[in-house]
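Everything on this sheet refers to the single structure shown next.
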Amino acid sequence: VPEEVCFTTKPKLGQALLRRAFAAGVPCAWVVGDCLYGADHQTRRLIEAHGRGYVLAVTSAQRLGLKPVEDWLEDVPARGWARLSAGEGAKGPRLYDWAYLPYGIPPTGWKSGLLIRRKKGRPHQFTFYLTWAPVDTPLSTLVRIAGMRWRIESCFEEAKGETGLDEYEVRSWTGWHRHITLSMLAHA
């Protein structure tokens, strides 16, 4: 690793990638990410400042206001759940029960809230997402965006299996970069 390259956290790396993408005009309306990025308020503020929406996973202990998001479950009305697909999976539509609770006072034209996913056969197993979206965004769109993370995960798995993304035995920084770049290019 070159001496000028120093340790950086994943959220800081993610922010740098987002800044570069936004500056380059990469077309995107949404940012998705796991709880490592969802918990980072600087990442969320960066996305908001660039006028993009996000659906970022958070852990059940993530605080929203004065309480953990898990405690927000008591605010979901009995009829507040909707069964929707988060996209196609290997065995057909990925169906879950979803609820949305608005939160905060976002600027005009935007809404912010908590998206909650409940597994069909496991009514006590939840996944939580913080959201930032144009005000007219329906629940089905937020669910679809949340489901896009699976594509990213499956893409990495495919690249590992089909193009050897994780099969490098290099001894130099340049060699590592070349291997990763060629592996990703081959997968694309």
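The values are calculated or read from the model by the stated rules, or taken from the named source; none is laboratory data. Quick caveat: nothing in here was measured; it's all calculated off a predicted structure. Using ideal geometry, Cβ is built from the backbone for each residue, glycine included, and neighbour counts are taken over all protein chains shown. Please note that ligands, DNA and RNA were not included when accessible areas were found on the heavy atoms of the full protein model with its side chains. Shrake-Rupley method; radii C 1.70, N 1.55, O 1.52, S 1.80 Å.
Below is a table of values for the structure above.
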| read-out | value |
| --- | --- |
| Built amide H within the under 5 Å cut-off of residue 89, gap 5+ | 94 |
| The stretch 111-186 - Debye-derived log10 I(q)/I(0), Cα point model, q = 0.11, 0.16, 0.28 Å⁻¹ | -0.52, -0.75, -1.27 |
| Highest-fluctuation residue, 115, 18, 142 considered, GNM on the chain with Cα pairs under 10 Å | 18 |
| The stretch 10-147: proportion of alpha-carbon pairs further apart than 28 angstrom, % | 16 percent |
| Value of [θ]222 nm, deg cm²/dmol, for the chain, DSSP H segments ≥ 4, -39500 (n - 2.57) each, nearest 500 | -11500 deg cm²/dmol |
| Residue-normalised accessible area of the chain, given per residue in Å² at a 1.4 Å probe | 63 Å² |
| Relative contact order of the chain, pairs being alpha-carbon contacts under 8 Å that are 6 or more residues apart, as % | 17 percent |
| Dipole in debye (nearest 20) - the chain, about Cα centre, beta carbon charges: Lys, Arg +1; Asp, Glu -1 | 500 debye |
| Approximate spin-label separation residue 75-residue 185, in nm, with each point projected 7 Å along Cα-to-Cβ | 4.9 nm |
| Computed E for residue 12/residue 166 - FRET, C-beta separation, R0 22 angstrom, nearest 0.05 | 0.40 |
| Selected from 121, 51, 33 as most flexible by GNM, with the chain as the system and alpha-carbon contacts under 10 Å | 121 |
| Estimated distance in nm for a label pair at residue 155 and residue 140, the labels positioned 7 Å out from Cα along Cα-to-Cβ | 2.5 nm |
| Among 144-156, 70-82, the order from most to least packed when residues are scored by Cβ within 10 Å on average | 144-156, 70-82 |
| The stretch 49-152 - percent relative contact order, Cα under 8 Å, separation 6 or more | 30 percent |
